[in-house]
Amino acid sequence: KQEVTQIPAALSVPEGENLVLNCSFTDSAIYNLQWFRQDPGKGLTSLLLIQSSQREQTSGRLNASLDKSSGRSTLYIAASQPGDSATYLCAVPSGGSNYKLTFGKGTLLTVNP
Amino acid sequence: GAGVSQSPSNKVTEKGKDVELRCDPISGHTALYWYRQSLGQGLEFLIYFQGNSAPDKSGLPSDRFSAERTGGSVSTLTIQRTQQEDSAVYLCASRPTGTGAYEQYFGPGTRLTVT
């Protein structure tokens, strides 16, 4: 059974810092990995999706890497801003499917002005 | 364009009552998912619809839970004889179908509270 772990559970940083969020998964036979952002009381917003054949994806100040063989992904946020404060979730398809997502429990990020 | 919408946004019900939660996916998206997000459990997959294929119901926690998708668009998640442990945020997501179309788009969720 696929298990997804995110470390740390919570992170507080001053504005402007670069930071890294970690995600690990137990079954490396995945089609892709997706990072999401969730604001309090809101749904999920997709940030980046990395296909299993890719090593990284970039969008603006965000860079996500994937090391499938070791079961790890990182989300790098450059020059953090207070507006980046949210919960960040990673998810991988599981059970041999390319659609049934298993989520980590998230990292709660607070960026202090 | 319009995203995934869900209604109601909040629902408070008494234990033992039935509830219906609605999801309107993005127009043209053939795949639709329901997830549940509860404290301490994180996000759990419930059910998946793809076009006219039989749905994948493997995540439904009990036979009190059921879902329908009418006309390949709107979906309704029904919980019968609600229990307090059903209290959670129920999230719907949709996805287009096509090569490489893996990204799921989520709605804002319905917060269900069973008293």
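The values are calculated or read from the model by the stated rules, or taken from the named source; none is laboratory data. As the structure is a computational prediction, the values presented were derived from the model and not from experiment. FYI the Cβ positions are ideal-geometry reconstructions off the backbone, even for glycines, and counts take in every protein chain you see. The accessibility values were calculated without ligands, DNA or RNA, using every heavy atom of the protein model including side chains. Shrake-Rupley method; radii C 1.70, N 1.55, O 1.52, S 1.80 Å.
Residues of region B:65-104 that are under 14 Å from the mean Cα position of the chain (by Cα), within 14 Å of chain A (Cβ to nearest Cβ) and surrounded by fewer than 19 Cβ atoms within 10 Å (Cβ to Cβ): none at all.
Which of the residues belonging to region A:90-113 are within 11 Å of chain B (Cβ to nearest Cβ), among the small types (G, A, S) and open to solvent by 50 Å² or more (accessible area, probe 1.4 Å)? Matches in region A:90-113: A:G95 only.
Listed conditions (1) loosely packed, with under 14 Cβ neighbours inside 10 Å; (2) of a type outside the set (V, I, T); (3) in contact with a strand residue (DSSP E or B) (Cβ under 9 Å, 6 or more places away or on another chain) are all met by B:G3, apart from (1).
For region B:14-30, indicate whether the set of residues that are outside any loop (DSSP other than H, G, I, E, B), within 12 Å of chain A (Cβ to nearest Cβ), within 30 Å of A:S52 (Cβ to Cβ) and modelled with pLDDT of 95 or more is non-empty. Looking for residues that are outside any loop (DSSP other than H, G, I, E, B), within 12 Å of chain A (Cβ to nearest Cβ), within 30 Å of A:S52 (Cβ to Cβ) and modelled with pLDDT of 95 or more, one finds at least one in region B:14-30, hence yes.
All told, B:F45 meets the bar of being within 11 Å of chain A (Cβ to nearest Cβ), farther than 15 Å from B:E68 by Cα and surrounded by 15 or more Cβ atoms within 10 Å (Cβ to Cβ).
Residues checked against (1) modelled with pLDDT of 95 or more; (2) in contact with a His (Cβ under 8 Å, 6 or more places away or on another chain); (3) at negative phi:
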| site | (1), (2), (3) |
| --- | --- |
| B:D56 | no, no, yes |
| B:G72 | no, no, no |
| B:S87 | yes, no, yes |
| B:S94 | no, yes, yes |
| B:P108 | no, no, yes |
| B:T113 | yes, no, yes |
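Among (1) farther than 24 Å from A:V4 by Cβ; (2) in contact with a Phe, Trp or Tyr (Cβ under 8 Å, 6 or more places away or on another chain), which single condition is B:E44 missing? It fails just one condition, (1).
Annotation: of all residues in region B:53-64 being hydroxyl-bearing (S, T, Y) and within 14 Å of chain A (Cβ to nearest Cβ), the one that is farthest from B:L43 (Cα to Cα) is B:S53. Taking the stated definitions as given, is B:Q37 within 14 Å of another protein chain (Cβ to nearest Cβ), surrounded by 12 or more Cβ atoms within 10 Å (Cβ to Cβ) and touching a Lys or Arg at 6+ places or on another chain (Cβ under 7 Å)? So B:Q37 fails the test. Selection of strands (runs of 3 or more DSSP E) fully inside region A:1-89 by the criterion of at least 2 residues being open to solvent by 60 Å² or more (accessible area, probe 1.4 Å) and closer than 17 Å to B:G42 by Cα returns A:4-7.
So in region B:48-64, with the set limited to residues that are hydroxyl-bearing (S, T, Y) and assigned to a loop (DSSP other than H, G, I, E, B), which one is least open to solvent (accessible area, probe 1.4 Å)? Applying the filter and picking the extreme gives B:S62.
Among residues of region A:60-80 that are among the aromatic types (F, W, Y), those with a beta-carbon under 9 Å from a residue that is open to solvent by less than 50 Å² (accessible area, probe 1.4 Å) at least six positions away or on a different chain give the pairs A:Y76/A:L19; A:Y76/A:L21; A:Y76/A:L62; A:Y76/A:N63; A:Y76/A:A64; A:Y76/A:S65. In the set A:K42, A:K1, A:K68, only one residue is farther than 25 Å from B:G107 by Cβ, modelled with pLDDT under 90 and of a type in the set (D, E, K, R); that residue is A:K1.
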